[in-house]
């Protein structure tokens, strides 16, 4: 079990603001957002030499640690790197520690004569197993959690009295080309499970799996570990009651270069840029792959500020597709806003420059923030997916590049300015 984090620093609740700064209910430090001609926030976006490379450097930095699953040693190293990066940028770094259920597992899967990569469906079943899997099935998933094909296979495995299930997964997310490699599948530890331990393997082995079955060594148990939400204040010496919040999830199944690191890179630049005009609170949430477990805990138990606005940068912010000529273009992502996208002048057009459309509902942790804050706080949430989503192939060389990162940042920065100007 991971050692407990000590007393958290930089507490972020309104209680702490009152006690520390005496600023509850005031406009922070007398700062008023400055707007340029056309109602846009005056700032340095669009005039930053080297911004594209700065963004890409952040992606490489966060991606270097490998697996980003919550509670793993590599993810703890990544959090340490992030805290150093926030300090380097002038942030006052804090954290909020919490306990979470950690799925501690080991698995070895052989199909025919070959060992194949695998990851379990977290929390679905525990205990030890050695032998031939008694339930195997190919599934095509269209969602990254609660997918009907996966849920149907689990129900059938339980009905058959299976001791262990192996699912060969193909991903067909949105308009992305299909993917037949290994994928991780988000799981909420608080929801009921079948009790059947379930392993995911690449869809490309489906035919061999059907022909030869799978020999499996497996063990799993759920323990308690401790991790943290990472926070930082910019543009103020003390916490304030009404910051602009820039938030992004920090964890995922594998390397997460495009899934997590591109959103983090944009969030870091956005937080330091906006802090020139209004105090900013950066919030980096963990346990995202456990159905936003960290964000849900943090907002329910710790956060009680009254933000000026919240900007949530979710998955695949800078994810790309490779064109036939080898060039890369931004894949489709979507945004949802409060007030509604179409009511905010220029918002839809500015985001569309980076292939960000209008979402049908709040994506990812955007829903968690909206549930906590309601309709009274301006909120912009952006997220998407891509072919290698939740897979080991989501690495820097495959998923993103400096030019497309800059394109994503400029569009989102313009959208942020649109929302701030409209709600001033």
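Any read-out appearing in this document is the output of simple, stated calculations on the displayed coordinates, not a laboratory observation. This structure is a prediction, so every number in the text was calculated from the model and none was measured. Every residue, glycine as well, gets a Cβ built from its backbone with ideal geometry; the counts of neighbours run over all protein chains shown.
Things to note:
- Using the rule -39500 (n - 2.57) for each DSSP H run of four or more residues, divided by the residues of the chain, the 222 nm mean residue ellipticity is -8500 deg cm²/dmol.
- Relative packing of peptides 248-256, 269-277 - highest average C-beta neighbours within 10 Å first: 248-256, 269-277
- Sites residue 372 and residue 132 - FRET efficiency at Förster radius 41 Å, r taken between beta-carbons, to 0.05: 0.30
- Ranked by how many other beta carbons lie within 10 Å on average, peptides 55-66, 161-172, 349-360 from highest: 161-172, 55-66, 349-360
- Share of pairwise Cα separations in the stretch 181-243, more than 20 Å, in percent: 59
- Degrees between helix 262-274 axis and first principal axis of the chain (Cα, 0 to 90, nearest 10): 10
- Computed extension gain for residue 204 through residue 74, at 0.36 nm per residue and net of the alpha carbon distance, reaches 44.0 nm.
- Counting DSSP beta bridges with both ends in the chain, the antiparallel % (nearest 5): 60
- Distance distribution note for the chain: the fraction of Cα pairs above 40 angstrom is 18%.
- Fully extending the segment from residue 328 to residue 360, taken as 0.36 nm per residue of separation minus the present Cα-Cα distance, adds 8.9 nm.
- Averaging 1/r across all pairs of distinct Cα atoms in the stretch 101-223 and inverting the result yields a Kirkwood radius of 14.3 Å.
- Taking Cα atoms only, the orientation of helix 73-88 departs from the longest principal axis of the chain by about 10 degrees.
- Packing-based ranking, highest mean first, of 296-305, 397-406, 309-318 given that Cβ atoms within 10 Å are counted: 309-318, 397-406, 296-305
- If R0 equals 45 Å, the separation of the Cβ atoms of residue 306 and residue 156 corresponds to a calculated FRET efficiency of about 0.40.
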